[in-house]
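Read through the structure below, which is laid out as structure tokens, and then see the notes.
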């Protein structure tokens, strides 16, 4: 008798539920719900204006999604609710909301419904940049040890800048709120009645360390005396490892969702991070890169190393029982899109159209005919700054080697190569600091749409690149965590690794490095590395000075 | 009673005659003749194939031009031949042909008419690159003092590589030829019967120095033992200063040209160099830049300094009585054209078309709205190598500072700025080595078509830029030299300076530097200079290594 789980992926604009067979991950049904309020950047629903760089969401959208797409996949799959053994949720992060003791969002109350800080602050709520800078300054000044685990850089997107902003702008709301929670944890709470914090969000977005806990009271007090006990007062729910069972679906919820009461619910997870298991990464040495507009690199290890320039290292952060490492490139597909929007001549657009191709497809066809090194071009991929390993957002792009014969497809290829060098820089940095990387998985749009790019990555990394077709990657990952939460006795699995091994997509395309290409790219990478250090490590800070002149 | 002169400018594809009033340079008539054979790069007229990088011309075209355009301007102007007091010729250079004792081109003979080396080797005949490299190697090895006067770099376009190739490939032709002559000097010889070499071509293209003569026999023998006496044997005509009278029109020629026998003919000149007087540059400290596809910078001084990285310093090279200095940027307008061909999106092309503008005009309009430094971009203008002051053709272009918001017009402006920084580098280098530059004249296409570019040059140089509208610049310059050859008694002038003062165009537009812009550009220029030295002076030879990889 087959068993099934449901994974729900809450994205930025919509939520998707996926019902799969636990034995092999086969999809039986999926359903998508777009949030009616989408992202609120100008006003609250009642017209209350928002400041610059604000990005809010309405929690009612999440509930409406839940009660629509779960019954839909149950119905459409034709599966009996009794055979659905688990439910798992992943969410964008850090996406936070203030709630009362009954888990009710404070924006649902009459008192706070016109308070911007009472709504969900979406991950890309960026009005908190100054707060993040100040946190960094204080952490550096105090030589906070945990700071190095985040590459020495706190993002404006994380929990502390968000709650500090809330406290500063709306102290009454701060006092009233029972807890400040991740949206994913909040949904798990509603479903199960269990108030938990998942180890992935707590670790990557709120400085939680399984061995040492949260940063000290002294640190929080140094940020703001009112925050001295912020963890005990507003972020106190116990941290549970991803892959564990948070609880079981309550009867009232079961009825609304067409599930059986008692169905296992896994700890929540982050949408990017759940893709690690979702893509089939199950052991140290394997790295997953989600190659899209930007790239997120994730790998696991049994050892905790302080690796400079990464986004974070968190125990139980990616797979339970392992240290999870995350690094990133702040622009990848965004660079190619910029190039196509701004730098491709009319003749190319028309030739592409005539051949019924997208412009990137056409450029890729032309660029595929080039050999490594043939263009004589070399680029730095810092069009949106450098996340890893320099952690410097004042850096900018560079292109070098142009002649009067240089063609658009040569520049296009050079930009793709630059992002591959940037990835190799991250891989080499992990290795240098003792974290092995010996197998490379790629998922995300570019891994599926651009075979030339993936071949270049394989040649530059001199490693096979396993491009995993994981269209539902996050939702499938959540279904794996759900199967683990259900456990082997219920027809699921004992470990996330077992679930991943059985349920991950089997249709990966493996790009093998070509020795001759790898040899040439090795030379070019050395050139990239020299310029990386020259422009990126303070030998010539021209990029920063140009930005300074620009903003004067 | 007004007096008139005729200036003839022999360009790459056509010759132009201009008849002007000697008192003020006013144009009475002009006439153009396009060469029927244009540039021969594939075959001789009889089908004999040419090698790669060959570029020949047919001397009959020059004669046909002469006998067409001179009578045309005489006739069209309505001027009496008796009032035409002089004729001057400028020519592309180094443009060489082998002739017999009667000045007959050897390609006119039955014996040699199918010998490629018997034709005119046009300035851009580039199959001689290896010969030029070998000459440089030997000159360096022998520490030839004259070599420094040419920035330590012999061009493949000059006389010695051309005649050496002729000797190597066609020794019988070499033995037969009476002399190897510049096309301009050859025409003067035909017109006057006087076999001369003008100081401008002899100086800039054949290592002639007024004080020390040609390089030594030992040097020529080191190149090739057969060349030991090449000057005495094949380049022996006396060098006469530009501005002097080479001779007078012979009666047979006068008849064909509708001129009076005895009309003064000036020493020949080079088309670029004759523009110095043509634009009104008459004293030390003034620099003329011909800003076109590439840029040629010329200035005069009373002192001979060895300035590294220039194209040449020649006594009587630009104005008689002065040391003439030449420097150059190997691509300027070519870079902007490359950008427009390869990097401007369809939407821009269509917007330009809709507004009835050329794409450069449209980009200029958009870029004009930007302030210095606003784009955050910085470029190196080495898309065709660097002529001055690095004398390195393996260098390539660079662009830095791009973000995902960077717009095409920002890149376009950054490229223009880069060429302005390149010009400032040349100006600063002259000053550093003791050659004053205190007034900047610009002529050539870009000086007339792009006011924004000229304002940027004024701001970057922090000097007024005097843009001289000299459409007929070279031909007008030749008319000035003709008036000087005629002399004051005949109604002309005693000196080229006097002729230039009277006859140069009066319609210059002067761009004044804006202090605030100059201040910002000063900062940006320092950044350019740092990268110039980093990439150009061997600190990081990445550009050369990329080229090497490319050609492997």
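The values are calculated or read from the model by the stated rules, or taken from the named source; none is laboratory data. All figures in this text were calculated on a predicted structure; none of them were measured in a lab. Counting neighbours? That spans all protein chains shown, and the Cβs are built from the backbone with ideal geometry, glycine included.
Residues that are at the interface with chain A (Cβ under 8 Å from one of its Cβ atoms) and either within 30 Å of residue B:286 (Cβ to Cβ) or crowded, with 22+ Cβ neighbours inside 10 Å (or both) within the stretch B:344-361 comprise just one, B:344. Taken over the stretch B:376-388, residues that are buried (at least 23 other Cβ atoms within 10 Å of the Cβ) and more than 7 Å from chain A (Cβ to nearest Cβ) amount to 8. Once the stretch A:449-475 is narrowed to residues that are modelled with pLDDT under 95 and within 19 Å of residue A:286 (Cβ to Cβ), the residue that is nearest to the chain's Cα centre (by Cα) is A:474. Checking each residue in the stretch B:362-375 for being in a loop (DSSP other than H, G, I, E, B) and surrounded by fewer than 20 Cβ atoms within 10 Å (Cβ to Cβ) picks out B:369, B:370, B:371, B:374. When the stretch B:252-272 is filtered for residues that are in contact with a helix residue (DSSP H, G or I) (Cβ under 6 Å, 6 or more places away or on another chain) and modelled with pLDDT under 95, only B:271 remains.
Are any residues in the stretch A:124-143 closer than 24 Å to residue A:16 by Cα and in contact with a helix residue (DSSP H, G or I) (Cβ under 9 Å, 6 or more places away or on another chain), and if so, which ones? Correct list: A:125 only.
Taken together, the residues in the stretch A:469-491 that are surrounded by fewer than 24 Cβ atoms within 10 Å (Cβ to Cβ) and in contact (Cβ under 8 Å) with a residue 24 or more places away in the chain amount to 5.
If you go through the stretch A:329-340 and keep only what is surrounded by fewer than 24 Cβ atoms within 10 Å (Cβ to Cβ) and outside any helix (DSSP H, G or I), you end up with just A:330. Among the residues of the stretch A:1-30, which ones are surrounded by fewer than 16 Cβ atoms within 10 Å (Cβ to Cβ) and within 17 Å of residue A:504 (Cβ to Cβ)? Result: A:23, A:24, A:26.
Residues that are within 26 Å of residue B:135 (Cβ to Cβ), buried (at least 17 other Cβ atoms within 10 Å of the Cβ) and touching a strand residue (DSSP E or B) at 6+ places or on another chain (Cβ under 7 Å) occur at least once in the stretch B:223-234. Going through (1) touching a residue at least 40 places away in the same chain (Cβ under 8 Å); (2) surrounded by fewer than 24 Cβ atoms within 10 Å (Cβ to Cβ); (3) out of contact with any helix residue (DSSP H, G or I) (no Cβ under 6 Å at 6 or more places or on another chain) one by one, residue B:292 falls short only on (3). The single residue among A:536, A:444 that is under 22 Å from residue A:293 (Cβ atoms), within 14 Å of chain B (Cβ to nearest Cβ) and out of contact with any helix residue (DSSP H, G or I) (no Cβ under 7 Å at 6 or more places or on another chain) turns out to be A:536. Of the candidates A:368, A:331, the single residue that is under 27 Å from residue B:549 (Cα atoms) and either modelled with pLDDT of 95 or more or at the interface with chain B (Cβ under 10 Å from one of its Cβ atoms) (or both) is A:368.
Does residue A:424 fit the bill of being more than 10 Å from every other protein chain (Cβ to nearest Cβ), closer than 22 Å to residue A:454 by Cα and under 23 Å from the mean Cα position of the chain (by Cα)?
Criteria met by residue A:424.
When A:262, A:285 are checked against the criterion of being without any contact (Cβ under 8 Å) to a residue 60 or more places away in the chain, surrounded by fewer than 17 Cβ atoms within 10 Å (Cβ to Cβ) and in contact with a strand residue (DSSP E or B) (Cβ under 9 Å, 6 or more places away or on another chain), A:262 stands alone in meeting it. Answer with yes or no whether residue B:524 is within 27 Å of residue A:405 (Cβ to Cβ), modelled with pLDDT of 95 or more, in contact with a strand residue (DSSP E or B) (Cβ under 7 Å, 6 or more places away or on another chain) and within 14 Å of another protein chain (Cβ to nearest Cβ). Answer is no for this residue.
Tell me whether the stretch A:104-116 contains one or more residues that are part of a strand (DSSP E or B) and buried (at least 24 other Cβ atoms within 10 Å of the Cβ). Scanning the stretch A:104-116 turns up at least one residue that is part of a strand (DSSP E or B) and buried (at least 24 other Cβ atoms within 10 Å of the Cβ). Residue count for the stretch A:33-77, restricted to those that are touching a helix residue (DSSP H, G or I) at 6+ places or on another chain (Cβ under 7 Å) and either surrounded by fewer than 19 Cβ atoms within 10 Å (Cβ to Cβ) or at positive phi (or both): 6. Looking at A:303, A:314, just one residue is buried (at least 24 other Cβ atoms within 10 Å of the Cβ) and more than 14 Å from every other protein chain (Cβ to nearest Cβ), and that residue is A:314. Restricting the search to the stretch A:341-361, which residues are assigned to a helix (DSSP H, G or I) and out of contact with any strand residue (DSSP E or B) (no Cβ under 8 Å at 6 or more places or on another chain)? Correct list: A:347, A:348, A:350, A:351, A:352, A:353, A:354, A:359, A:360, A:361.
Note on the stretch A:193-212: residues that are more than 21 Å from residue A:95 (Cβ to Cβ) and in contact with a strand residue (DSSP E or B) (Cβ under 9 Å, 6 or more places away or on another chain) total 4.
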